Every structure is written in C-alpha cells, then in structure tokens.
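The values are calculated or read from the model by the stated rules, or taken from the named source; none is laboratory data. Quick caveat, the model's predicted, so the values are computed rather than measured. Ideal geometry is used to build each Cβ from the backbone, glycine not excepted, and the neighbour counts take in all protein chains shown. For accessibility, only protein heavy atoms count, side chains too; no ligands or nucleic acids. Shrake-Rupley method; radii C 1.70, N 1.55, O 1.52, S 1.80 Å.
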Amino acid sequence: MSDTNDAVGGQANETGAAPGMSILAQYIKDLSFENPNAPGSLQPQEQPKLDINVNVSAQPMGEDQFEVVLTLTASAKTSAMTVFAIELVYGGLFKVVGVPQEHIHPFVLIECPRMLFPFARNILADASRNGGFPPLMIDPIDFAALYRQNLEQAPQGEARPN
C-alpha cells in the first residue's frame, strides 16, 4: 500500500462515506508517434539511448470529480539520429468520495494516475510495436515518490491546487 492510503487511513469521514474513487471515463487526449528516419531507424548501428518523462496534472471538474492527465513522453536516439519519439496524453475522469479535504490533493495525484498507468503503458507498447520497434515496456512508476519529488521542487509558498 502507498503512503497515501496511510494518510487517508481507510476511515470514513464526517459524512460517513468510506474513502474511494470510481473511474467515470478514460480517454486519449493526444497520441503522437514519430519515426523520422525510417527505414534507417529500424536498424540502428548502435544501441539507442531511451529518455522517458512522466507528468501528472489534475483539475476539478465539479463536485467530487477530477480530470487527471498522465503525460508520457519517450524518445530513442543514437549519436546519428532520432530513432523514434512518442508522446501520449492520457486522461481520466474520477469521482472521489470520502477523502478528507486535506488529503484530496495527494490522493488525486497518486491514486488516480496509478489506475491510469497500465492502460497508458499498453497504448505506448502498441504504438511503438506498430511503428516497427519492440514494444516499449515502461517500468511501473511510483507515483507517491513522484508526488513527493514535485512537492520538494515547488517554489516555497506556492499554493497547492485542489
């Protein structure tokens, strides 16, 4: 279990609802796969360097509802060329209930992307395979550690969004 579950404590809040979430919708907002040097990129002369970036954002969409967006970018490059570049912006609409207000921020930015990630990972694997490469299999992401890292990097005094 994550630190977030410990913070929420698994206890009902003042309304009596047990903490939880439901996924109302999942969707691709943007998907881009570039293979600019094909067919030469399909047989690179050296092992490409893979660079992967992850970003999570969220915004309220009404009472107890949040849109969570997971952005995954990956590029493979050799010293001579870009082998491929891929970007996926994958969103989900979540209904969150029973979570105390002070825990909503970490809950939405840790637990919601954790639910979206396997689907996004599969889309990236399929897109890279369909582009002529082995499936891009991204290792599981520790969204709690990513959340803590982003908090540490935020400017002092910056308000946290709900």
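Worth pointing out:
- Of all residues in region 68-125, those satisfying the criterion of being under 17 Å from the mean Cα position of the chain (by Cα), polar (S, T, N, Q) and open to solvent by less than 40 Å² (accessible area, probe 1.4 Å) are Thr71, Ser75.
- Of the residues making up region 68-98, those that are within 21 Å of Phe119 (Cα to Cα), out of contact with any helix residue (DSSP H, G or I) (no Cβ under 8 Å at 6 or more places or on another chain) and of a type in the set (A, V, I, L, M) are Val69, Ala85, Val89, Leu93.
- Residues being over 19 Å from Ala144 (Cα atoms) and either among the hydrophobic types (A, V, I, L, M, F, W, C) or in contact with a Ser or Thr (Cβ under 6 Å, 6 or more places away or on another chain) (or both) - total across region 39-81: 11
- The condition of being in a helix (DSSP H, G or I) and on the phi < 0 side of the Ramachandran plot holds for only one of Leu124, Leu93, that being Leu124.
- Every listed requirement among (1) open to solvent by less than 50 Å² (accessible area, probe 1.4 Å); (2) polar (S, T, N, Q); (3) over 15 Å from Leu116 (Cα atoms); (4) modelled with pLDDT of 85 or more is met by Gln65 save one, (1).
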